[in-house]
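Shown next, in structure tokens, is the structure this report addresses.
The values are calculated or read from the model by the stated rules, or taken from the named source; none is laboratory data. Being a predicted model, the structure only gives us computed values, none of them experimental. Note that we place each Cβ from the backbone using ideal geometry, even for glycine, and neighbour counts take in every protein chain shown.
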Amino acid sequence: MYKVGECLQDLLKAWKEFVSSQANKSSESFENGVTLEMRIPAEHVTATNRQVRGNRLWGTDIYTDDSDIVAVLMHLGYCRTTASPPPSALQELRAVIRLLPPQKCYLSSLRNDIRSRAWGAPTECSYRVESCCIIKRGGGTINLDPCTSPIEPTLAPMVVEKTMTTRAAAANASKQQRFAQEVMIQFNLCNEPWIMYSINAVADRGLEKPLFTSARLKMGEVLYLENHACRYELCFVKEKVVKRETKDPANIAESESIDLFRWSRCKKPLPQELMLSLGIPLPLENVEVLEDNLEWEDINWSPSGVWIAGKEYPLNRVHFLAPKK
């Protein structure tokens, strides 16, 4: 079963077992490798998957052992590179991969809007995808075929912001600041003005990390969201440190810090002043925890609401609230 960032050891274990079983067999059978079926839960088949966003992908057609299988399937065109959650009828993907001996090198290529990375040395083993299918919740399967986009983009977005300020640009900027952005206001369940929910209301404010919505929550702000019947609370909980494999010849595992969040339903909508006096985020006796220890990639925003743990929550209003200092 696929787990984000935790498949490498399973692949290496299967490969070592295969190698030990080939001690007295021909080199041809060794070169053919061994097949392995991987089951990937539907909620991980999205471009917001941490491994996909981190471009954990080396090679073309034949990939390194630490290449993420979801990134590989997107690179091959078995599934699309979209941040939207998969359809509710989809239970999981099942991919049959063939473990192969290490290659001398792994080539980079651009396919389906994803560029794999090159690696110029052998790894423990390699793999290629033999087949892939969808398993539906009600039973039944749908076989998938790989697809390569016939036209690749000629313009790639920069991963960091680059700005050049000239006197003309500064003058234009000052003129633009005279105009206010249109904001739609609604009254919340306590008859207080909140911003109408939209993707822009919860989106990152720029490419710099402190402007990310997740960073704002980590700094102490809490996000409150409402529909016509319920109020929800999204807040930062803690950091989790995980170890990930690296390509360091010394095979030293690097530590990676992951932010965890909590999604709760407020038992009763309270006025802002009372909420601030109780404390932000609200005490546990005032909320019902729906999902705990969520990674930011587990939270998928849509034009009409948010998807969390495979469930959609329709939303109408949004409000950021910071605790009293």
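Go through S131, S116, S126 for me and flag whichever is at pLDDT 90 or above and within 22 Å of the chain's Cα centre (by Cα).
Working: S131 fails: within 22 Å of the chain's Cα centre (by Cα); S126 fails: within 22 Å of the chain's Cα centre (by Cα).
Sole residue among the options that is at pLDDT 90 or above and within 22 Å of the chain's Cα centre (by Cα): S116.
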Inset, instruction - Evaluate the stretch 6-27: report whether one residue or more is touching a residue at least 40 places away in the same chain (Cβ under 8 Å), assigned to a loop (DSSP other than H, G, I, E, B) and under 30 Å from W301 (Cβ atoms). - result: yes
Legend entry - Answer residue from the stretch 26-44, given it is of a type in the set (D, E, K, R) and over 30 Å from W307 (Cα atoms) and is surrounded by the most Cβ atoms within 10 Å (Cβ to Cβ) among those: E31
Legend entry - Near pairs, Cβ below 7 angstrom, 6+ apart or cross-chain, from the stretch 279-296 (without any contact (Cβ under 8 Å) to a residue 24 or more places away in the chain) to any residue that is of a type in the set (K, R) and outside any strand (DSSP E or B): N286/K267
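I'd like to know if the stretch 73-82 contains one or more residues that are among the charged types (D, E, K, R), touching a residue at least 60 places away in the same chain (Cβ under 8 Å) and within 20 Å of R39 (Cβ to Cβ).
Within the stretch 73-82, the subset among the charged types (D, E, K, R) is 80.
Subset that is touching a residue at least 60 places away in the same chain (Cβ under 8 Å): none.
Within the stretch 73-82 (the criterion being among the charged types (D, E, K, R), touching a residue at least 60 places away in the same chain (Cβ under 8 Å) and within 20 Å of R39 (Cβ to Cβ)), the answer is no, since none of the residues qualifies.
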Inset, instruction - Test each condition in (1) at pLDDT 85 or above; (2) exposed (fewer than 13 other Cβ atoms within 10 Å of the Cβ) for I62 and report the one that comes out false. - result: (2)
Legend entry - Members of the stretch 304-325 found to be closer than 21 Å to A89 by Cβ and not in a strand (DSSP E or B), listed by number: S304, A309, G310
Legend entry - Of all residues making up the stretch 290-325, the number that are farther than 17 Å from R265 by Cβ and of a type in the set (G, A, S): 3
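Return the total of residues in the stretch 78-125 being part of a strand (DSSP E or B), hydrophobic (A, V, I, L, M, F, W, C) and in contact with a Cys (Cβ under 8 Å, 6 or more places away or on another chain). Walk me through it before giving the result.
Narrowing the stretch 78-125 to residues part of a strand (DSSP E or B): 90-100, 106, 110-111, 114-115, 117, 119.
Now narrow it down to the ones that are hydrophobic (A, V, I, L, M, F, W, C): 90, 93, 95-97, 99-100, 110, 114, 119.
Right, trim to in contact with a Cys (Cβ under 8 Å, 6 or more places away or on another chain) and you get 93, 95-96, 99-100, 119.
The number of residues fulfilling the criteria is 6.
Take A14 and tell me if it is touching a strand residue (DSSP E or B) at 6+ places or on another chain (Cβ under 9 Å), outside the structural domain of P303 (by TED's automatic domain parsing) and more than 18 Å from V129 (Cβ to Cβ).
On the way: touching a strand residue (DSSP E or B) at 6+ places or on another chain (Cβ under 9 Å): yes; outside the structural domain of P303 (by TED's automatic domain parsing): yes; more than 18 Å from V129 (Cβ to Cβ): no.
The answer is no for A14.
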Inset, instruction - Filter the stretch 117-147 for residues that are farther than 24 Å from E31 by Cα and of a type in the set (S, T, Y) and give the result. - result: T141
Inset, instruction - Please indicate, with yes or no, whether at least one residue in the stretch 134-141 is among the hydrophobic types (A, V, I, L, M, F, W, C), in a loop (DSSP other than H, G, I, E, B), at pLDDT 85 or above and buried (at least 21 other Cβ atoms within 10 Å of the Cβ). - result: no
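From the list E43, E37, which one is touching a residue at least 40 places away in the same chain (Cβ under 8 Å), in a helix (DSSP H, G or I), of a type in the set (D, E, K, R) and within 25 Å of R111 (Cβ to Cβ)? First the steps, then the outcome.
Working: E37 fails: in a helix (DSSP H, G or I).
The conditions single out E43.
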